[in-house]
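Here the structure is laid out as structure tokens; the discussion comes afterwards.
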Amino acid sequence: MEKLSSKDKELIRDSWENLGKNKVPHGIVMFTRLFELDPTLLTLFSYKTKCGVVPECLSSPEFLEHVTKVMLVIDAAVSHLDDLHTLEDFLLNLGKKHQDVGVKTQSFAVVGEALLYMLQCSLGAGYTAALGQAWLNMYSIVVSAMTRGWAKNGEHKSN
Ligand code: HEM
């Protein structure tokens, strides 16, 4: 796993703390953006049938649960910036689970774009290019492990 610079870590930790304790509203901004960027992702959630439009979906308990889970994974990564490798097995398995539910690895990059959008909205003037890059550096480490788990799962299926 790659390493982050001390500056990256400082920018990530400070900005994450600035978002406040309850990360779910920020997660909703992020997923609203994600579904704007790629509405087809909505259909991967089996419980999508219970709602019609995106705002309605995102306020349903099942969608909120996924948003909460995503924010918890990001929180775990922010808490382990010095030892991200300890999350490796968890992230490999998470990638595998997303392969199972039909998420394509390219969609992880769209989540990265939605993450930066959320940070810009939530941090306002506190958002800088260096901060965005620091987050992208961290997110790409997380996604790289998820992608390896995803690929391994796919290999196993085609054998
Ligand atoms: C590319 C966009 C994504 C889509 C379409 C997607 C979709 C799904 C679906 C359909 C499930 C299974 C149902 C559920 O638990 O709600 C799931 C589970 C989950 N997702 Fe995602 N996901 C995406 C990205 C992410 C990302 C980026 C993370 C974290 C960084 C994440 C974290 C999780 C977690 C923790 C679970 C629960 C896994 C378990 O059951 O152990 N997801 N996701």
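No lab work stands behind these numbers, since they all come straight from the coordinates. Model, not experiment: these values are computed from the prediction. As a convention, Cβ positions derive from the backbone with ideal geometry for all residues, glycine included, and neighbour counts pool all protein chains shown.
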query: Cα-Cα over 24 Å: which of Lys48/Lys104; Lys7/Lys69; Lys7/Lys104; Lys23/Lys152; Lys50/Lys97; Lys69/Lys104?
result: Lys7/Lys69; Lys7/Lys104; Lys23/Lys152
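Rounded to the nearest 0.05, what FRET efficiency do Val53 and Asp100 have when you use their Cβ-Cβ distance and R0 = 22 Å? Let's see the in-between values first.
On the way: r = 27 Å, r/R0 = 1.22.
According to the calculation, E is roughly 0.25.
Per 0.36 nm of contour for each residue apart, how much would the distance between Thr86 and Leu64 grow if the chain were fully extended, relative to their Cα-Cα spacing?
Numbers: separation 22, 0.36 × 22 = 7.92 nm, distance 2.67 nm.
Taking Thr86 through Leu64 to full extension adds about 5.2 nm, to one decimal.
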- request: In whole angstrom, note down how far apart the Cα centers of the range 129-159 and the range 65-103 are.
  value: 10 Å
message: Return the unpartnered cysteines for the chain, using a Cβ-Cβ cut-off of under 4.7 Å.
response: Cys121
- prompt: If you put +1 on each Lys and Arg Cβ and -1 on each Asp and Glu Cβ, how big is the dipole of the chain around its Cα centre, in Debye rounded to 20?
  reply: 280 debye
message: Could you work out how much longer the chain between Leu44 and Ser144 gets when fully extended? Use 0.36 nm per residue separation minus the Cα distance between them, nm to one decimal.
response: 33.9 nm
message: Defining a contact as two alpha carbons under 8 Å apart and six or more residues distant in sequence, what relative contact order in percent does the chain show?
response: 37 percent
task: Return the loop-located GluC sites (Glu not before Pro) in the range 1-60 (DSSP other than H, G, I, E, B) with at most 14 other Cβ atoms within 10 Å of their own Cβ; answer none if there are none.
output: Glu2
